[in-house]
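Okay, structure first, notes after.
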Amino acid sequence: MTDNNNFEPKIIGFLCNWCSYAGADKAGTAQTPYPPNVNVIRVMCSGRIDPQFVLKSFEQGADGVIILACHPGDCHYKEGNFLAVQRYRLLLRMLEPFGIEKERCRFDFVSAGEGDKFVRLITEMVDTVRALGPMKIPAQFP
């Protein structure tokens, strides 16, 4: 049994450059505290996030992954966030065969003005993954 009280999860955050990353920046500018457990990867568009990137994150030791995109209709590249939603749904089906709980991967929308929502989502993600405990998967995927 793992003592989840001392467990600090490692979470990878894929953030859209135009909205979600700006939302994270707004939270930082406002000095709103949130857990430091997320390593942010800034992508030009959430539609460019391949499910393999998420699987590679888990393979390399991430305990959770969060993908944050522009709101529907606000994508800088018109349809990238719709593509991201489709890929996320595919990704969720891919996780189970690897023994990865679906709760370890989350998708949501954050705009540039939603610093408070960014903080709430990050806090919820850290709490969820902390409750699940460390990842228990093979060293490499097949």
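Throughout, read-outs are computed from the coordinates displayed, never taken from laboratory work. Values in this document were obtained by computation on a predicted structure and should not be read as measured data. Note that we place each Cβ from the backbone using ideal geometry, even for glycine, and neighbour counts take in every protein chain shown.
Below are the figures for this structure:
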item	result
Modelled FRET efficiency - R0 35 Å, T32 with Q60, Cβ distances, 0.05 increments	0.75
Fewest-first sequence of T29, T128, T123 by Cβ atoms within 10 Å of each Cβ	T29, T123, T128
Diffusion coefficient, µm² s⁻¹, Stokes-Einstein with Kirkwood Rh over alpha-carbon pairs of segment 11-132 at 10 °C and 1.306 mPa s	112 µm²/s
